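Here the structure is laid out as structure tokens; the discussion comes afterwards.
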Amino acid sequence: MSVVDPPIAEKHAVWEDALAIPTGALMMSFGLFLLDQIGGVSGGLAGVAILASYWTGLGFGVVFFVINLPFYWLAVRRMGWTFTLKTLIAVTLISVLTSVHGLYMDVSDVNPLYGAVFAGLSIGVGMLIIFRHGASAGGFGILAAWLQETRGWRAGFVQGALDLVVVVASLALVPLPILLCSILGAVLLNLTLAINHRPGRYFG
């Protein structure tokens, strides 16, 4: 019985990245929009931005964009200009789109458990799409992608550890029932990444 060599993975074309990165950003921004509507929190720098927006009254998009700026230095040094530029585009789109959803829909009465679960899955799928196209959602995502690239640590597990720190810090600002829903959403987010974002498992 002959052994057939597996197909060689090909890089995504520019037009594929141009469609995929905005799609991932849209998915992520919708999940973050849902979390904002239930008063929940996420992990990573997105979670830091949500907490900062609760505390300062500033919009999430502005805070998220600004606190990501220092991480681009690491991105340029370790991951290259292409990765950095794609990440900058993704972060900018996420920052803008989180303010757009509320103009077209009202989900202010969404059940917190449903909202947190759907938000976690939506953010996870969005991050997965962005990761698969050679970018990240900024901040801790840059760090997670770099550690997976250089150390072989799964991005989902790295992101999960950082998320835990942020979620624990949320105790001072987020009611416990909402926080528990947010934790469930964060677990689903990181399981989505850990199961699906593994080098060598997929082609293309």
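With θ taken as phi - 60° and the Karplus curve 6.51 cos²θ - 1.76 cosθ + 1.60 applied, the whole-hertz 3J(HN,Hα) list for the range 60-77 is 4, x, 5, 5, 4, 5, 5, 6, 7, 4, x, 6, 5, 4, 5, 4, 5, 5 Hz, x standing for glycine and proline. What the phi angles of the range 36-49 give under the Karplus curve with 6.51, -1.76 and 1.60, with θ = phi - 60°, is a coupling list of 4, 5, 8, x, x, 9, 10, x, x, 5, 4, x, 4, 5 Hz, glycine and proline written as x.
Per-residue ellipticity at 222 nm from helix content only, as computed over the chain with -39500 (n - 2.57) for each DSSP H run of at least four residues, stands at -22000 deg cm²/dmol. Between the listed residues Leu143, Leu32, Leu189, the Cα displaced farthest toward the positive end of the dipole of the chain, a dipole computed from Cβ unit charges relative to the Cα centre, is found at Leu143. Accessible surface for the chain, divided over its residues, is 52 Å² per residue with a 1.4 Å probe. Taking 0.36 nm per residue of separation and subtracting the Cα-Cα distance, full extension of the segment from Arg77 to Tyr54 would add 5.0 nm. Per-residue Karplus couplings for the range 181-192, computed as 6.51 cos²θ - 1.76 cosθ + 1.60 with θ equal to phi - 60°, are listed in order as 5, 5, 4, 4, x, 5, 5, 5, 4, 6, 5, 4 Hz, Gly and Pro entered as x. Taking all Cα pairs closer than 8 Å and separated by 6 or more residues, the relative contact order of the chain comes to 34 percent.
The values are calculated or read from the model by the stated rules, or taken from the named source; none is laboratory data. Quick caveat, the model's predicted, so the values are computed rather than measured. Every residue, glycine among them, receives a Cβ derived from its backbone with ideal geometry; neighbour counts consider all protein chains shown. Protein only, heavy atoms only, side chains kept; ligands, DNA and RNA dropped before computing areas. Shrake-Rupley method; radii C 1.70, N 1.55, O 1.52, S 1.80 Å.
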